[in-house]
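Every number here is computed from the coordinates shown, using simple stated rules; none is lab data. This structure is a prediction, so every number in the text was calculated from the model and none was measured. A quick note on method: Cβ atoms are made from the backbone with ideal geometry, for glycine too, and the neighbour counts reach across all protein chains shown.
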Amino acid sequence: MKTAIVTGAARGIGLATAKLFAAGGWQVALVDRDSAELARATFPEGFAIDCDISDPDQVDAMTAQVLARTGRIDALVNNAGVADFGPIEQTDFARWRTVMATNLDGTFLVSQSCIPALKEQGGAIVNIASISGLRGSTLRVAYGTSKAAVIHLTRQQAAELGEYGIRVNCVAPGPVRTKLAMAVHSPEIIAAYHDAIPLNRYGSEEELAEAIVFLASDKASYITGQVLAVDGGFESTGVGLPALRTVLP
Ligand SMILES: NC(=O)c1ccc[n+]([C@@H]2O[C@H](COP(=O)([O-])OP(=O)(O)OC[C@H]3O[C@@H](n4cnc5c(N)ncnc54)[C@H](O)[C@@H]3O)[C@@H](O)[C@H]2O)c1
């Protein structure tokens, strides 16, 4: 049976992705550092592993645990992430490192640890970035930079791992009403997002999961090195000025 690892799978986009893999007949390792939430998240085709992805030793132990149980890794979804929004001058090195440790170091570490197993039969990595990694923004010096780095890491990995039959792609979500987003989106930000998104709404965890599982599946067998914005059209609206909606008389 094909095996997927989904990090940050205790809730939100990661949990929806794990459930969709399971519905498609995969066995799924749900990896998260929030053990209480993880215990509530598991379902028959999934097994939970407590792991902080920013810790290299915990990551290697997690990968060994998955392989001991399943004997193979076919897909890795690097989804675990943290958000911390603040002005540049209030972003001290500790805040910067906290964001980088999970969003960038964690994505690098889990990938490194899974590559030998992915090489065995070929497979796929899907890294989760953000529209904040595609566009510059206020208040996101650490978060946005970490996600831009994840986008470039995707391209590095795709370029080097293709010859081993490993495809690497990236999904850049727009806003989704998860715990992560609601902690940093004020009512004003929510209203402004609605205004700036052509589809005029937030996305759902399930809509993100569909794109992630597609890119991990054989249906995407000739796609690698790509960044797919799943964002209701936000990224495509380069000159999305509200004033441009009015036609001059
Ligand atoms: N929700 C959004 O609007 C949005 C938008 C763009 C990108 N994203 C990205 O999507 C991904 C999922 O976000 P979400 O909104 O579902 O968030 P969420 O907070 O609901 O879930 C994230 C999960 O990751 C886990 N996690 C965090 N750091 C970890 C670590 N070091 N080790 C192991 N687990 C860790 C958390 O415990 C949590 O269960 C993140 O990478 C996030 O940056 C989300």
For the chain the mean separation of alpha carbon contacts under 8 Å (6+ apart) over residue count, i.e. relative contact order in percent, is 19
In degrees rounded to 10, the 0-90 angle between helix 107-121 Cα long axis and the longest Cα principal axis of the chain is 50
Spelling it out for residue 84: with amide H atoms placed in the peptide plane at 1.01 Å from N, the residues 5 or more places away or on another chain with amide H under 5 Å from its amide H are 143
A correct Karplus calculation of ³J(HN,Hα) over the range 132-140, with 6.51 cos²θ - 1.76 cosθ + 1.60, θ = phi - 60°, whole Hz and x for Gly and Pro, returns 5, x, 9, 10, x, 7, 6, 6, 10
Residues meeting the amide H criterion for residue 125 (H placed from the backbone, H to H distance under 5 Å, 5 or more places apart or on another chain) are 76, 167, 168, 169
In nm, the gap between the two label points placed 7 Å beyond Cα toward Cβ at residue 94 and residue 221 is 5.2
If R0 = 25 Å, then residue 246 and residue 135, at their Cβ-Cβ distance, give a FRET efficiency to the nearest 0.05 of 0.55
Karplus-derived 3J(HN,Hα) from phi for the range 211-225 (6.51 cos²θ - 1.76 cosθ + 1.60, θ = phi - 60°), whole Hz, x at Gly and Pro, runs 5, 5, 5, 4, 5, 7, 8, 5, 4, 9, 4, 10, 10, 8, x
Full extension between residue 37 and residue 164 adds, at 0.36 nm per residue less the Cα distance, a length in nm of 42.2 nm
Nearest 10, in degrees from 0 to 90: the angle of helix 12-23 to the longest Cα principal axis of the chain is 50
Along the range 79-89, Karplus-curve 3J(HN,Hα) (6.51, -1.76, 1.60; θ = phi - 60°) to the nearest Hz, with x for Gly and Pro, reads 10, 4, x, 10, 10, 8, 9, x, x, 3, 6
Which residues qualify? For residue 54, with a placed amide H closer than 5 Å and at least 5 residues away or on another chain, they are none
